[in-house]
Amino acid sequence: MNAIAARGLTKIYARQLGKKAVPSLDHLDLKVGENEVFGFIGRNGAGKTTAIKLICGLIFPTAGEVEILGRNARDPESRRAIGYLPENPYYYEYLTPIETLDFYGRLHSLDATGRRREWDKLSELLELRDIAHQRVREFSKGMRQRLAFAVALVGDPQVLILDEPMSGLDPMGRRATRELILRLRDEKKTVFFSSHVLSDVEQVCDRVGILVKGRLKACGRLDELLAQHIRYVEVIADGPVRVEAQPVRVSKAGIHFHAPDLDAANALVKRIHEAGGHLVEFNPVSESLEEYFVQRQEN
Ligand SMILES: Nc1ncnc2c1ncn2[C@@H]1O[C@H](COP(=O)(O)OP(=O)(O)OP(=O)(O)O)[C@@H](O)[C@H]1O
Ligand SMILES: [Mg+2]
């Protein structure tokens, strides 16, 4: 079974007077498997939050549908499986983390022992112990985000939907969040998260989807997406390499050539061998995710 399955998922917010209706999410087809970490990337306004709200059943689609572990997101029961970290988490400002988690524990119908157990586990995991009795209104962004993550994990949900979990965090906070996501994967959870911070996505995701103006432009394993985008292949050879190709430079490693693609590079290596030279290195140079992403925005 898929953890998340969207089919033709479309959202057009109520049309503004005199303006043409443009879908904020346009026929999204997407499957996220169980125990997968999926990164959803796109620029501001691409439709990430819209998709996430549809998945969580917080808004309803104009067309199409989405299922969580086989249940339609319109069915409130589907939400039992979900832990949700909103883009701008907001909690009762006068409550402390211990009270906030207790409140969410009650919403999950946990008894006093269960709620205590959740606090013990989550306060340790998200480092909330030192601020257990401080009011949320006094919290910094990072503290708030840790609390929000703890709230998302109350009740041990199977599917985590995180809207920009790393936004506004310092490098330590980002790293802690990445480690937490990987830990959730080890616990066999599904993690679906949005971001525009590419290095964070690169480091933790099994697959990524790239959303541009409401449309999914690319989806797949990162290494595969990037393999389709080889800029050139660097071939370093040594020995007698009298071939018709022009070397780009000579270094201690050997004589460097650039071939435009894999076929050309293989042909070049063959000719180098025929000339009596030998291969030192063969490096396909692909676009960084950053370049790939920027290019997707423009098309
Ligand atoms: N409640 C709403 N009513 C009308 N339009 C909306 C509403 N929410 C979002 N939109 C529009 O939908 C589009 C997608 O917005 P969304 O918030 O989903 O983008 P996003 O990818 O999450 O952006 P960001 O990176 O800034 O969070 C935008 O053009 C936005 O103006
Ligand atoms: Mg958003």
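Key figures
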{"read-out": "Size of electric dipole in the chain: Cβ of Lys, Arg +1 and of Asp, Glu -1, about Cα centre, debye, nearest 20", "value": "900 debye"}
{"read-out": "Antiparallel bridge percentage (DSSP; both residues within segment 106-220; nearest 5)", "value": "50 percent"}
{"read-out": "Anchor residue 217: lysines whose Cα lies under 22 Å away (excluding residues fewer than 8 positions away in-chain)", "value": "11, 31, 48, 53"}
{"read-out": "Among beta bridges that DSSP assigns inside the chain, antiparallel share in %, nearest 5", "value": "65 percent"}
{"read-out": "Dipole of the chain, positive end: most advanced residue of 143, 254, 126 [Cβ charges, Cα centre]", "value": "143"}
{"read-out": "Square roots of five times the Cα gyration tensor eigenvalues for segment 1-134, Å", "value": "33, 19, 14"}
{"read-out": "The chain: equivalent-ellipsoid semi-axes (sqrt of 5 x gyration tensor eigenvalues, Cα, Å)", "value": "46, 24, 17"}
{"read-out": "Segment 77-168: translational diffusion in µm²/s, Stokes-Einstein, Kirkwood Rh over Cα pairs, 10 °C, 1.306 mPa s", "value": "121 µm²/s"}
{"read-out": "Reachable aspartates and glutamates from residue 213, criterion Cα separation under 12 angstrom, eight or more residues apart if same chain", "value": "26, 298"}
{"read-out": "For segment 108-159 and segment 228-252, distance of Cα centres in Å", "value": "56 Å"}
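Read-outs throughout are calculated quantities, based only on the coordinates presented, and are distinct from any laboratory measurement. Fair warning: this is a prediction, and the values are worked out from it, not measured in the lab. Here Cβ is always computed from backbone atoms with ideal geometry, including for glycine, and neighbour counts include all displayed protein chains.
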